[in-house]
Amino acid sequence: MPSVSVIMNVRNGASTLREALESVMTQTFHDWELIVWDDRSTDDSARIIAEYKDPRIRHFQSPEETSLGKARDNAIRQSSGEWVAFLDQDDIWLPRKLEKQMALADNSAGLIYGRTVRFYPSGLERDYDQAHEFKLLPEGDIFNRLFTDSCFIAMSSAVFRRAAVETIGGIPDAIQIIPDYWLYVAVTRRYPARAVQEVVCRYRMHAANMSRLTALKMNQEVLWLIDQWADDLDPWTVALCRKRHFTAIALEEMRKPETAARGLARLFTQGSIASQLARPFMFAFHIIRRNLRRPYWRSLGDPK
């Protein structure tokens with residue numbers, strides 16, 4: 001039984017898949033298996049995976065096209081490691097990612113994550129987690145922080161204790177687009193988290209990012225998740241989170257002529273006009289701050 005089962009969910013990822021696979025193969029920590037769950041790809045993904053003859057790699061073809069939540073859950077069920085890590089087909093691990101995280105593995109932690117950098121086709125780089133760009137990543141009991149600071153963990157940086165995932169019952173069928181957020185919240189409600197403060201992962205930004213393509217449905221699922229955990233949160237946090245995501249839904253609705261009126265009404269009744277008026281000022285603030293202060297990940301050296 002390997003120490004770490006790496007889950008890679010694939011759907012038409014040929015353009016970036018080889019780079020992701022290579023970042024697993026070059027890990028300094030070697031006690032892993034790689035579960036590649038191919039969700040009905042129609043491109044060259046299967047051929048690229050077949051090029052890798054390492055016996056630690058196991059390739060599964062999904063019998064039917066499923067949601068991301070179901071695909072993640074199916075892949076987890078094929079794994080056998082004490083810890084379960086995830087790497088999406090378009091992201092990249094740094095070579096010591098697993099080594100640094102397994103050094104933090106103790107008997108109590110249910111989740112170990114690390115700092116992640118977004119990188120863009122233009123060459124621009126930003127911390128994935130803007131809330132902690134200039135400070136240490138939170139550890140210990142981070143359950144409430146996952147609501148007040150929003151979802152600040154990149155799935156490709158996360159490693160879960162298998163026993164913790166089994167305790168929460170896996171990923172429910174109602175979660176189709178945000179299984180990552182579900183796992184963070186459900187696991188950290190019961191277990192403390194540890195964090196590698198250095199960069200361990202690079203998150204690729206492009207036009208096909210799921211968060212861009214499914215924004216409306218994603219925010220609707222987050223509202224469902226908030227309702228599931230409302231009794232474990234203070235009313236102020238619940239109200240803040242609901243307003244945040246209703247605002248995001250309203251903005252998506254306003255993008256289309258057929259739903260624009262409904263979106264505008266939602267923005268005034270359920271969302272936050274104030275947050276939208278403040279956006280240009282917050283954007284300018286972040287730019288000025290990055291020019292005046294060195295982000296935490298930059299102070300640790302070049303992550304490449």
Checklist entry - In segment 157-178, what residues are touching a Phe, Trp or Tyr at 6+ places or on another chain (Cβ under 8 Å) and modelled with pLDDT of 95 or more? => result Ser157, Ala158, Val159, Phe160, Arg161, Arg162, Ala164
Item to check | Residue list for segment 183-207, restricted to those being in contact with a helix residue (DSSP H, G or I) (Cβ under 6 Å, 6 or more places away or on another chain) and either among the small types (Gly, Ala, Ser) or farther than 30 Å from Ser122 by Cα (or both) | outcome: Tyr184, Val185, Val187, Tyr191
Next on the checklist: Show me the helices (runs of 4 or more DSSP H) found entirely inside segment 206-304 where at least 2 residues are within 24 Å of the chain's Cα centre (by Cα) and modelled with pLDDT of 95 or more.
Outcome noted: 215-229, 235-253
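Matching residues to (1) touching a strand residue (DSSP E or B) at 6+ places or on another chain (Cβ under 8 Å); (2) touching a residue at least 60 places away in the same chain (Cβ under 8 Å); (3) under 23 Å from Val6 (Cα atoms):
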site	(1), (2), (3)
Asp127	yes, yes, no
Pro138	yes, no, no
Phe143	no, yes, no
Ser150	no, yes, no
Asp173	no, yes, yes
Tyr181	no, no, yes
Asn219	no, no, no
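The values are calculated or read from the model by the stated rules, or taken from the named source; none is laboratory data. Bear in mind the structure is a predicted one, so any value in this text is a computation, not a measurement. For neighbour counting, all protein chains shown are included, and Cβ atoms are generated from backbone atoms with ideal geometry for every residue, glycine included.
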